[in-house]
Amino acid sequence: MNDPAVRGTGSKGVSRRGFIAGTGSILGAVALAGHATAAQPKAASAAAPIEAGAHVPALVIGTGYGGSVAALRLAQAGVEVHMIEMGMSWDTPGTDGKIFANTTKPDYRSFWLRTRTKQPLSNFLGFPLDKDVSRYTGILDAEEFSGITVYQGRGVGGGSLVNGGMAVTPKRERFSAVLPSVNADEMYGTYYPRANAGLGVSHVDPAWWESAACYQYARVGRKHAQRSGFPFVFVPNVYDWDYMKQEATGAVPKSALEGEVLYGNNYGKKSLQKNYIAQAKATGRVTISPLHKVTSVAPAAGGGYTVLIDQISTSGNTTATKTVTADRVFFAAGSVGTSKLLTKLKATGLLPGLNNEIGKGWGDNGNVMCGRANHMWDATGKLQASMPTAGIDNWDAGGAFAEVAPLPTGIETYASFYLSITKNPNRAEFSWNAATGKVDLNWQTAWKQPSIDAAKTIFDKINAKEGTIYRTDLFGAYKIWGDHLTYHPLGGAVLNKATDNYGCLHGYSGLYVIDGSLIPGNTSVNPFVTITALAERNIEKIIATDL
Ligand code: FAE
């Protein structure tokens with residue numbers, strides 16, 4: 001039973017519908033094979049990095065969704081833009097001829113400056129999965145705070161490089177809880193459609209989905225959801241479905257059907273590099289400096305802002321420190337990156353005029369993972385497409401939306417795997433720790449209990465109906481819930497609190513926040529379409545009023 005409200009939207013159709021959706025993000029990948037010790041390749045080619053002493057009209061910190069929208073629209077308005085990105089450009093093949101490593105074989109490319117992987121699914125069938133790897137500026141950062149590990153993409157394209165591509169617009173009736181100060185008519189009439197079109201969002205062909213071997217796991221998920229009376233909804237994605245069909249026939253190199261996702265997709269997924277960033281570069285007004293990390297922003301004596309930037313090597317060492325000036329600075333370093341920078345700059349006196357909302361209102365989008373052990377007659381398939389297409393929507397009744405996620409191990413696991421987005425009310429705060437010189441986050445692992453309770457409204461019922469049990473081998477020994485992590489950090493510089501209603505930071509003209517840190521902790525669905533749409537809204541206003 002497909003929900004007609006989420007069907008057939010496509011990148012053009014989205015504007016016609018008050019469409020829904022709901023889902024979680026991706027799987028939590030499984031690595032069953034491969035020690036990862038390949039030799040390191042040369043550094044990815046860097047496009048003319050910013051020079052020390054440069055003066056730029058607009059400097060964008062980060063190249064994820066918010067940063068890419070800002071860069072494109074500013075450039076189209078005639079503004080010269082420089083984007084600063086701490087990760088690599090991801091445009092050069094490694095030693096195996098591919099740019100990105102496979103999900104099941106993490107190697108030096110997979111993790112940000114770690115010597116051992118930290119995979120979201122840490123165990124399988126009782127075996128720990130993590131491997132030693134060479135320390136490298138890899139694509140997935142598993143950033144550890146005291147009570148939670150926050151997974152983030154690193155590189156030109158930010159989270160779009162590593163995510164599951166689930167491109168979900170919240171149900172309109174839920175929007176006022178997502179962004180209370182934003183006009184919903186404008187968002188659903190103009191900015192969500194603009195974002196969906198810009199990102200290339202579309203639905204899987206339902207007829208193909210019904211028979212494709214690679215979505216057997218999702219069909220099993222649907223059967224179990226419906227037998228327990230839960231609404232099962234299809235959700236859009238940014239994957240190129242025609243490409244996936246060709247993967248299935250063997251006509252093209254495999255990507256989603258090779259399980260690629262967490263450490264990048266070599267083909268098929270429309271990451272920001274293929275849409276917003278490509279268009280931004282094509283204007284001729286946008287330059288990107290990869291392997292450059294912003295460490296400070298402060299008012300400059302002659303107006304504008306002084307920005308300090310560390311240039312780093314692929315082993316993470318600082319090779320140069322550059323001071324540049326910018327008339328305007330856009331913070332687009334992601335919820336964690338932007339919050340950490342602003343918290344530090346306020347506490348250390350470089351931007352003392354920032355208000356007391358800085359660092360507050362951070363949430364995990366209620367992420368929690370779990371698996372269920374199916375009976376032998378409910379095989380989920382050896383071949384599983386890494387791009388999720390559907391979920392179980394129990395938000396109104398139980399506060400959970402559960403993505404039916406893949407476990408692309410290459411073997412039959414008889415497991416159903418889910419990432420739930422839940423209505424978790426807990427919010428954490430970033431604070432400056434002068435003793436360590438770092439920014440802390442006060443999230444506690446126990447704060448996931450509301451998420452577990454919400455997810456149980458779905459899976460306890462399904463288990464009872466099917467006579468099945470939870471998997472206890474995926475997150476440790478005898479541990480059911482993946483409650484130690486999030487893929488969806490949100491908040492820390494909340495719209496209309498830390499900033500005005502369009503992202504301009506209180507206390508400073510010319511400083512803007514334009515990423516997931518504006519959203520107060522939960523979007524009820526996967527967040528990147530909302531982050532993109534809000535950025536489209538805000539940058540239009542900023543260009544009209546400030547430039
Ligand atoms: P983001 O995309 O994180 O970009 C920030 C960029 O800034 C990054 O490239 C950083 O490297 C860079 N940066 C940070 N600090 C600095 C600094 N000091 N100097 C220079 N550069 C810096 O931010 N969302 C969905 O909607 N659907 C999904 O299916 C989905 N699946 C996911 C799966 C995984 C494994 C992960 C990790 C995330 C997933 N997400 C998904 C979340 C989504 O990718 C995330 O919400 C957005 O990427 C956040 O966008 P921002 O623009 O806020």
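The values are calculated or read from the model by the stated rules, or taken from the named source; none is laboratory data. Just so we're clear, the structure is a prediction, and the values are computed from it rather than from any experiment. Backbone-built Cβ (ideal geometry, glycine too); neighbour counts: all protein chains shown. Calculation scope for accessible area: heavy atoms of the full protein, side chains included, ligands and nucleic acids excluded. Shrake-Rupley method; radii C 1.70, N 1.55, O 1.52, S 1.80 Å.
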### Task
Could you identify the single residue in N426, N433 that is in contact (Cβ under 8 Å) with a residue 40 or more places away in the chain and either in contact with a Pro (Cβ under 6 Å, 6 or more places away or on another chain) or open to solvent by 10 Å² or more (accessible area, probe 1.4 Å) (or both)?
N426
### Members of segment 216-245 that are closer than 16 Å to G391 by Cα, out of contact with any Gly (no Cβ under 7 Å at 6 or more places or on another chain) and in a helix (DSSP H, G or I)
A218, R219, V220, G221, R222, K223, H224, A225, Q226, R227
### Message
Can you tell me which residue is farthest from W395 (Cα to Cα) among those in segment 156-167 that are more than 6 Å from the ligand (Cβ to nearest atom) and assigned to a loop (DSSP other than H, G, I, E, B)?
### Response
V156
### Message
Among (1) within 17 Å of the chain's Cα centre (by Cα); (2) open to solvent by 10 Å² or more (accessible area, probe 1.4 Å); (3) hydrophobic (A, V, I, L, M, F, W, C), there is one condition V235 misses while meeting the rest; what is its number?
### Response
(2)
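Of all residues in segment 380-420, count the ones that are among the β-branched types (V, I, T) and over 23 Å from the mean Cα position of the chain (by Cα). Give the steps one after another, and end with the answer.
Start the filter on segment 380-420 by keeping residues that are among the β-branched types (V, I, T), which leaves 380, 389, 392, 404, 409, 411, 413.
The next check asks that each one be over 23 Å from the mean Cα position of the chain (by Cα); those that pass are 380, 411, 413.
Adding up the residues that qualify gives 3.
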### Residue that is surrounded by the most Cβ atoms within 10 Å (Cβ to Cβ), among those in segment 42-62 that are of a type in the set (G, A, S) and at pLDDT 80 or above
G62
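Taking strands (runs of 3 or more DSSP E) that fall entirely within segment 48-151, which contain at least 2 residues that are among the charged types (D, E, K, R)? Let's see the steps before the verdict.
Values: elements: 55-61, 81-84, 140-144.
Filter on segment 48-151 gives 140-144.
Out of all the residues in segment 491-547, which are more than 17 Å from A195 (Cβ to Cβ), more than 15 Å from the chain's Cα centre (by Cα) and among the small types (G, A, S)? Let's see the steps before the verdict.
Step one: list which residues in segment 491-547 are more than 17 Å from A195 (Cβ to Cβ), which gives 491-494, 496-501, 504-513, 517, 520-522, 544-547.
Next cut, more than 15 Å from the chain's Cα centre (by Cα) only: 492-494, 496-501, 504-513, 520, 544-547.
Those that are more than 17 Å from A195 (Cβ to Cβ), more than 15 Å from the chain's Cα centre (by Cα) and among the small types (G, A, S): G492, A493, A498, G507, S509, G510, A544.
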### Message
Report every pair of residues separated by at least 6 positions or lying on different chains whose Cβ atoms are under 6 Å apart, first residue within segment 321-348 and closer than 15 Å to W432 by Cβ and in contact (Cβ under 8 Å) with a residue 24 or more places away in the chain, second within 13 Å of the ligand (Cβ to nearest atom) and part of a helix (DSSP H, G or I).
### Response
T338/S517; S339/S517
### Residues of segment 499-547 that turn out to be within 13 Å of the ligand (Cβ to nearest atom), of a type in the set (A, V, I, L, M, F, W, C) and open to solvent by less than 10 Å² (accessible area, probe 1.4 Å), as a count
10
### Task
Can you give me the number of residues within segment 464-480 that are open to solvent by 30 Å² or more (accessible area, probe 1.4 Å), modelled with pLDDT under 95 and among the aliphatic types (A, V, I, L, M)?
1
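Answer with yes or no whether V30 is of a type in the set (V, I, T), touching a Leu at 6+ places or on another chain (Cβ under 6 Å) and modelled with pLDDT under 95. Even if it seems obvious, please write down each step before you answer.
On the way: of a type in the set (V, I, T): yes; touching a Leu at 6+ places or on another chain (Cβ under 6 Å): yes; modelled with pLDDT under 95: yes.
Answer is yes for this residue.
Tell me the strands (runs of 3 or more DSSP E) entirely within segment 399-473 that contain at least 1 residues that are in contact with a helix residue (DSSP H, G or I) (Cβ under 8 Å, 6 or more places away or on another chain) and closer than 30 Å to L341 by Cβ. Write out each step before concluding.
Values: elements: 400-405, 415-422, 430-433, 438-441.
Here the list reads 415-422, 430-433, 438-441.
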### Query
Counting just the residues of segment 480-535 that are in contact (Cβ under 8 Å) with a residue 60 or more places away in the chain and among the acidic types (D, E), which one comes out farthest from G200 (Cα to Cα)?
D483
### Query
Taking strands (runs of 3 or more DSSP E) that do not extend beyond segment 246-355, which have at least 1 residues that are surrounded by fewer than 18 Cβ atoms within 10 Å (Cβ to Cβ) and within 11 Å of the ligand (Cβ to nearest atom)?
292-299, 305-312
### Query
Which residues, counting only those in segment 219-245, are under 29 Å from S68 (Cα atoms) and either modelled with pLDDT under 95 or within 16 Å of the ligand (Cβ to nearest atom) (or both)?
F234, V235, P236, N237, V238, Y239, D240, W241, M244
